[in-house]
Amino acid sequence: MSSTKGPSRPSGSGGGTRHAGYRQLAWAIGIVAAIVPVGLIVAVVAFLGVYVGTDVPAPGDIKQAQVSTIVNSKGRTIARIVPEDGNRTDVKISDVPVWVQDAVIAAEDREFRTNSGFSIRGLSRAVKGKLTSDDTAGGGSTITQQYVKNAFVGNEVSYKRKFKELAIATKMSNEWTKDDIMAAYLNTIYFGRGAYGISAASQAYFRKPVQKLTPAEGALLAGVIRSPSYLDPAVDEDAAKIRWNYVLDGMVTIGAMSPSDRAAQKFPRVRTAPKSNGEVTPGPNGLIKRQVVEELTRLGVVTDEEIRTEGLKITTTIDPQVQNAAVKAANGKLEGEPDNLRDAVVSIEPKTGAVRGYFGGNDGQGWDYSQAGLQTGSSFKVFGLVAALEQGIPLSQVYDSSPYDAPGGLTVNNSDGESCGSCNLATAMKMSLNTVYYRLMMDLKHGASDVAAAAHKAGVAESFGTIEHTLVEKNGKPEGGVVLGQYPSRVIDMASAYATLAASGIYREPYFVQKVETADGVVLYEHKQNKGKRVFAAKVADNVTAALVPIAAYSNGNSLYDPNFGARKSAAKTGTAQLGDTGNNKDAWMVGYTPQLSTAVWVGTDKGTALLNYGGSNIYGSGLPAQIWKAAMDGALDGDELEDFPEPDAVGGQAGIPYEPPPVTYTTPTQTYYDTPETTTQRSPTRYRPQMPTVDENGGVTLAPGVTVTVPGGGNFGNGGGTGGDDGTGAGNNNVGGDNSGTGGGTGGTGGGDIAGNDGVEAPFP
């Protein structure tokens, strides 16, 4: 408790003299002796023994359980940590209006300013009541005694307890100021509605800070102290009014209020009684609260006892704009979708590691999907690219995209037969070609182990939950499927790992807690600016970024846009994990970043069942996850100036995305044709499919005005171009027919290629 003196009446604020206290003490012993004459000597001895043998702590040393408050980066409450004995937040006596103090005195102890811890008059009334069985006589306890009972001796009904209460109250009155006693009392006493202390009571009854309580409101709160469960206006308004009037009349009696002011008072309106004391935090904030408490425990900056007793103010990294955008996107984009769909969104600031937005689900006491181990699909290919660049393999390196016969009898395919023929690593990343990145992984010095090592350096946890070692089998080594997202990772880890790329290869551990303060403003902990640890060369991370820049637009047009500044550059990657060999998916991802923010999005189900949208179609990373990601990022960054990524330095002689020649254009007088199998946007509602040129009767094909070539075999071109998969569309075969009457070629494959687990692998991964 603070010893700061507030606006109180000057009379008696020092607590009286010791001589006066001893005289009144003698009267008290005499009264007790009258009740139990045969025990006079015993009573005196017991009383003196307690008085001499009890050390009264200094004001502020007694720690009563009180609420700790968790706030966002702007100071708005996210959650509260409520102790077992209720809702309490200590305030200084200077914060409690004088009229509120006077109301409590009028209600509970009208001699408080002058007595020495107990009241002879009140004690006499209590003795008389006991002798005459008069329950209306009152308990005779002063404010000091009530505080001692709550803080020291408890509620045991016995003369021994009463002697102890009297002795400690007397000693406390001699050693503490009246302001100290009043502050301790007001911060301890129960007011009903789960509210311990005047601050919590002010919120529970009037939803306002204690500093703004009016005299009428203070009188009502003072009135309920006698019987909180009965005198609450929501329980019995008539009884509450009678008590309220009693308190106001008492304020006139003690000179705290004039008769005219008394006459002007109106019975205040109270808010509806809350259903709980706030111990349970609903919705996404409940999961944030869980992470904050876990982080405090892990850091060891405060003990459980301090969390329970100090009334801590815990300032988090959560930014309200980012958080609101994440929650709105996560819930809004699932409206109209099947009820079994779940999602998670985590946003991390690359320059600090601060968690700015966190959505793990809507059940604050339930499963946190942001902490769940989930297959990541092709969003994990970035770590294969990181490992390659670290070993000097540039983005311009070309690989075959045909099916790959992997060791162990596995055959790796691209999703739905997608292919680029042979293409560089940047193009293969955009098209999310499994075969290319599996071949790349096999070229690494240590194969799959290098991919796993790169992921761990970036920020993917090496262990979590019941998984002691992530990204490996029981033998301690990863399988080749690691590059395709075979192993489970958490949403928060993917946001953190991509944040490392956004920070040009500097890893910063994610954190929630920015500052911890006591109720008195003493700073117990403050997060120090983290310079981070360089885990990748800047040129490595920046070349990965360059490869990821085209993907948001490529994934169904989910590039970022700010209404004030226009198009916002981002780097991103989709991912989808298949549900065995069912042909359905079970996990879908979009992970991406700007220089200011890295956000990971997952969509799935509770039980890992088929991931289908409202129309019954498979959900891919470029579908709902990409939409959620765009909405969350656009909302989070709304109004922030555009920032560009650094220009990457060369790796293996190549800096950034290699030059790709523009698509070949075929023109006739009536039609323009584009041979662009790699760049068609996947799964668009109205899909443009290129039409191949026709062959004239002589076997000639017009490529451009005035340019005609003869095609051996004649015939027309077959149908080509398949429907889009996750990350792109198939090229199709577009075969030339064998004669003038033939239709030729077959259908093209579906695009995508970011399926993990059994995606493209004929024998399933374990």
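Data for the structure
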{"item": "Filtered residues of segment 314-328 (kept if out of contact with any Lys or Arg (no Cβ under 8 Å at 6 or more places or on another chain) and either surrounded by fewer than 16 Cβ atoms within 10 Å (Cβ to Cβ) or touching a residue at least 60 places away in the same chain (Cβ under 8 Å) (or both))", "result": "Thr316, Gln321, Asn324, Ala325, Ala326, Lys328"}
{"item": "Filter pass, Val535 being modelled with pLDDT of 95 or more, out of contact with any Gly (no Cβ under 8 Å at 6 or more places or on another chain) and closer than 16 Å to Leu385 by Cβ", "result": "no"}
{"item": "Pairs, first among the basic types (Lys, Arg) in segment 530-556, second in a helix (DSSP H, G or I), C-beta under 8 Å, six or more apart", "result": "Lys539/Leu389"}
{"item": "The one condition in (1) surrounded by 19 or more Cβ atoms within 10 Å (Cβ to Cβ); (2) of a type outside the set (Phe, Trp, Tyr); (3) within 23 Å of Ala454 (Cα to Cα) that Asn558 fails to fulfil", "result": "(3)"}
{"item": "Matching strands (runs of 3 or more DSSP E) fully within segment 399-506 where at least 1 residues are more than 29 Å from the chain's Cα centre (by Cα), closer than 29 Å to Glu349 by Cα and of a type in the set (Phe, Trp, Tyr)", "result": "none"}
{"item": "Spans of helices (runs of 4 or more DSSP H) in segment 116-217 with at least 3 residues at pLDDT 75 or above and in contact with a helix residue (DSSP H, G or I) (Cβ under 8 Å, 6 or more places away or on another chain)", "result": "143-148, 159-175, 178-186, 198-206"}
{"item": "Residue within segment 507-528 that is farther than 26 Å from Gly360 by Cα, part of a loop (DSSP other than H, G, I, E, B) and within 21 Å of the chain's Cα centre (by Cα) present", "result": "yes"}
{"item": "Close pairs (8 angstrom Cβ cut-off, 6 or more residues apart or separate chains): under 15 Å from Gln371 (Cα atoms) in segment 496-517, of a type in the set (Asp, Glu) and surrounded by fewer than 21 Cβ atoms within 10 Å (Cβ to Cβ) anywhere", "result": "Ser496/Glu509; Tyr511/Glu295; Phe512/Glu295"}
{"item": "Some residue of segment 359-367 being touching a residue at least 60 places away in the same chain (Cβ under 8 Å), among the hydrophobic types (A, V, I, L, M, F, W, C) and crowded, with 24+ Cβ neighbours inside 10 Å", "result": "yes"}
{"item": "Selection from segment 584-612 of residues that are surrounded by fewer than 19 Cβ atoms within 10 Å (Cβ to Cβ) and either in a loop (DSSP other than H, G, I, E, B) or outside the structural domain of Lys333 (by TED's automatic domain parsing) (or both)", "result": "Asn584, Asp606, Lys607, Gly608, Thr609, Ala610"}
{"item": "Those residues of segment 60-115 which are in contact with a Pro (Cβ under 6 Å, 6 or more places away or on another chain) and at pLDDT 80 or above, in sequence order", "result": "Asn72, Lys74, Val98, Trp99"}
{"item": "Qualifying positions in segment 218-232 - modelled with pLDDT under 90, part of a helix (DSSP H, G or I) and out of contact with any Gly (no Cβ under 7 Å at 6 or more places or on another chain)", "result": "Tyr230"}
{"item": "Evaluation of Val235 against (1) under 17 Å from Arg110 (Cα atoms); (2) part of a loop (DSSP other than H, G, I, E, B); (3) β-branched (Val, Ile, Thr) (one fails), failing number", "result": "(1)"}
{"item": "Residues of segment 459-474 satisfying the condition of being buried (at least 24 other Cβ atoms within 10 Å of the Cβ) and out of contact with any His (no Cβ under 9 Å at 6 or more places or on another chain)", "result": "Gly459"}
{"item": "Selection within segment 83-108 - acidic (Asp, Glu) and within 12 Å of Tyr185 (Cα to Cα)", "result": "Asp90, Glu108"}
{"item": "Counted residues, segment 488-532 - those being at positive phi and at pLDDT below 95", "result": "1"}
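Yes/no matrix, rows are residues, columns are (1) of a type in the set (Ser, Thr, Tyr); (2) buried (at least 21 other Cβ atoms within 10 Å of the Cβ); (3) out of contact with any Cys (no Cβ under 8 Å at 6 or more places or on another chain):
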site	(1), (2), (3)
Gly476	no, no, yes
Val483	no, yes, yes
Val491	no, yes, yes
Thr500	yes, yes, yes
Pro510	no, yes, yes
Thr518	yes, no, yes
Val523	no, no, yes
Gln529	no, no, yes
Arg534	no, no, yes
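The values are calculated or read from the model by the stated rules, or taken from the named source; none is laboratory data. All values reported here derive from a predicted model rather than from experimental measurement. Cβ: placed from backbone, ideal geometry, glycine included. Neighbour counts: every protein chain shown.
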